[in-house]
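Asker: So that we are looking at the same thing, I have put the structure below in structure tokens.
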Amino acid sequence: MFDLFGGMIGGVGLFFVGMWLLTENLKALAGRRLRLIARRWTERRVAAFGIGALAGVTTQSMSALTFIVVSMAKSRLISTRGAFAIVLGGNVGVTLLVFMLTFDIRLVALYVVGAAGLVIASDRVAGDFRRVAASVFGVGMIFLGLGMLVAAAAPLGDHPWFSEMMQWSVGSLLLTFLVAALLTAIVQSGAAVCVLGISMATLGVLTVDQTIMLLYGVTFGSALILYLLSVNLAGRSRQVAMCQVGLNVLICLVGVPALFLELELGVPLVKALALSLDHGLGQQMAIVLLLVNLLGALALLSVVGPVERVFARLWPATATEELEKPEFLHDGALEDAGSALSLVDLEQRRVFENLPRYFEAVRAGTDLAGLRRGLRSLLTEIERFQIDLLIRHGVSTVDDHNSMLTRLKLLGWLEEQVGALCEALRELPDRSDLGNLRANLCEGTDAVFQSLNHAMRSRDREAWALARELAGDRSEVMRSMRHKYGTALMQTDGRTRSRVIALTNTVEHVFFLMSKFVRELDVSPMTGTAAPERMAPRAPEPVAESG
């Protein structure tokens with residue numbers, strides 16, 4: 001029994017490590033060209049459905065396939081709607097396996113892990129190829145983890161209580177449903193339990209009605225497994241996982257009453273159709289499973305748009321997902337260089353406007369990790385867009401591109417310093433001898449960011465001039481603050497004194513980078529996208545202004 005649980009726990013560990021490797025490396029590989037290819041393949045529902053069916057046949061596991069699709073959606077390789085279509089098609093592909101003898105994919109997974117591991121460990125492999133290999137390694141780990149779960153649970157069939165439970169369930173259809181759901185949750189392989197049930201039907205242990213009910217129980221058990229595995233997911237990832245859960249629940253909600261209609265009222269439905277076919281009993285039961293999955297998947301595929309909107313309301317995108325998704329950049333914008341650079345300018349300003357949210361997190365005492373991850377992803381997306389723009393239009397945009405790239409680098413450094421400042425502020429001890437240090441640094445720095453944002457939005461010359469002055473050098477102020485608190489803490493707490501020094505140094509870096517960013521806005525060569533005074537319309541003739 002200890003070996004059983006040890007194998008299951010180890011399988012879960014491998015599964016989640018594989019998911020992490022796959023997600024992180026897909027993010028690194030998710031360049032615009034790769035996303036264009038993936039989206040082109042999956043933008044049509046029928047094509048994505050067919051890809052999902054093929055993937056289902058290949059992976060043999062809806063749990064594995066669903067989480068692979070979750071990783072692709074999370075990395076923005078495919079849209080949420082495309083992910084839904086792949087998952088729906090995957091169910092059809094997995095049920096096709098019931099027609100065939102199941103084969104053990106663990107051996108293939110071992111070869112995959114071994115080959116990918118050699119590529120990862122090689123010093124001669126370039127970065128992108130190494131990330132591809134790491135993604136493949138993650139897929140192999142997912143399969144090995146699920147295979148370990150199944151292998152660890154396989155000895156259950158040798159336990160007397162397992163056989164007794166199967167025999168005990170023969171007397172009741174609902175009991176058969178519950179037992180099948182429980183076995184699926186334990187074994188972690190719906191296909192394996194389906195094959196077991198169909199085999200018992202061909203041997204006469206289960207009746208046709210009990211076998212069909214067992215198939216529905218397996219469907220419900222698979223939904224239960226996936227629901228538990230996805231409990232920590234959020235946003236678009238949870239939406240994709242719940243699409244699979246919803247399909248399985250829909251099949252049970254329709255299929256189980258339909259079976260009772262056939263039994264009680266003699267209405268010819270799925271059972272009658274399957275039994276009318278000139279095949280063996282095992283194939284007929286497999287056709288029942290395939291038919292209900294096909295009908296359920298096609299039903300949801302026909303209304304995938306409304307389903308996506310409903311799921312978006314039930315499990316809305318997380319703050320990180322909303323932040324990392326560009327609002328202005330899109331693939332079509334690459335066609336026109338001038339318009340594209342204008343959109344880059346807007347997206348860069350959006351990054352700057354979101355930096356004050358770090359100070360809001362300090363006040364609220366919330367975690368900064370999600371905010372930082374979102375803004376860093378957005379900065380990476382902007383950089384990729386600018387590189388693609390330069391490749392497409394060449395030297396015609398090089399000057400403007402260099403200016404925008406300089407601003408982007410400053411934004412990246414500024415995000416790093418503001419994030420470090422706010423994390424240090426959160427860790428600063430709340431002590432009387434520090435006075436209002438935390439509040440002064442937090443509120444003072446935030447006020448300058450807010451002033452700059454207000455000036456950029458209002459395009460008011462006076463507001464911009466004032467904000468530009470506020471973003472000036474703070475070295476003297478920070479030197480005075482270091483002296484004040486450093487003297488007070490000299491004899492009491494050297495560690496806190498070091499923190500104060502690091503804090504004030506970081507504030508200096510923040511204002512230095514802020515002033516550099518403001519200067520880049522002032523001298524931007526892009527007409528109409530520079531600082532407010534450059535964006536203001538010019539009079540035909542110079543007019544002297546008072547003051």
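Asker: State all residues of segment 343-355 that are under 16 Å from GLU416 (Cβ atoms) and part of a helix (DSSP H, G or I); if no residue qualifies, say none.
Answerer: GLN348, VAL351, PHE352, ASN354
Asker: So ASN232 passes all but one of these: (1) under 34 Å from the mean Cα position of the chain (by Cα); (2) surrounded by 17 or more Cβ atoms within 10 Å (Cβ to Cβ). Which condition number does it fail?
Answerer: Unmet condition: (2).
Asker: Go through segment 358-369 and give me each residue that's within 19 Å of LEU411 (Cα to Cα) and either surrounded by 18 or more Cβ atoms within 10 Å (Cβ to Cβ) or touching a Cys at 6+ places or on another chain (Cβ under 8 Å) (or both).
Answerer: TYR358, PHE359, LEU368
Asker: At least 1 residues that are farther than 24 Å from VAL523 by Cα and in contact (Cβ under 8 Å) with a residue 24 or more places away in the chain in each: list the helices (runs of 4 or more DSSP H) lying fully within segment 359-472 that qualify.
Answerer: 369-393, 398-427, 437-458
So that you can scan it fast, the table gives a plain yes or no per residue for (1) open to solvent by 60 Å² or more (accessible area, probe 1.4 Å); (2) touching an Asp or Glu at 6+ places or on another chain (Cβ under 7 Å); (3) modelled with pLDDT under 65; (4) in a helix (DSSP H, G or I):
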residue	(1), (2), (3), (4)
ASP128	yes, no, no, yes
GLY138	no, no, no, yes
LEU149	no, no, yes, yes
GLU164	yes, no, yes, yes
GLN167	yes, no, yes, yes
LEU174	yes, no, no, yes
ALA180	no, no, no, yes
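Asker: Suppose we keep only residues that are within 26 Å of ASP400 (Cα to Cα), acidic (Asp, Glu) and not in a loop (DSSP other than H, G, I, E, B) within segment 310-342. Which one would you say is nearest to the chain's Cα centre (by Cα)?
Answerer: So, considering only residues that are within 26 Å of ASP400 (Cα to Cα), acidic (Asp, Glu) and not in a loop (DSSP other than H, G, I, E, B), the one nearest to the chain's Cα centre (by Cα) is GLU324.
Asker: Follow-up. Just one of the numbered conditions (1) within 21 Å of LEU503 (Cα to Cα); (2) open to solvent by less than 20 Å² (accessible area, probe 1.4 Å) is not true of ALA424; which one?
Answerer: Looking at each condition in turn, ALA424 falls short on (2).
The values are calculated or read from the model by the stated rules, or taken from the named source; none is laboratory data. Predicted, not measured: the structure shown is a model, and the values here were computed from it. Every residue, glycine among them, receives a Cβ derived from its backbone with ideal geometry; neighbour counts consider all protein chains shown. Side chains are part of the model used for accessible areas, which takes the heavy atoms of the whole protein and leaves out ligands, DNA and RNA. Shrake-Rupley method; radii C 1.70, N 1.55, O 1.52, S 1.80 Å.
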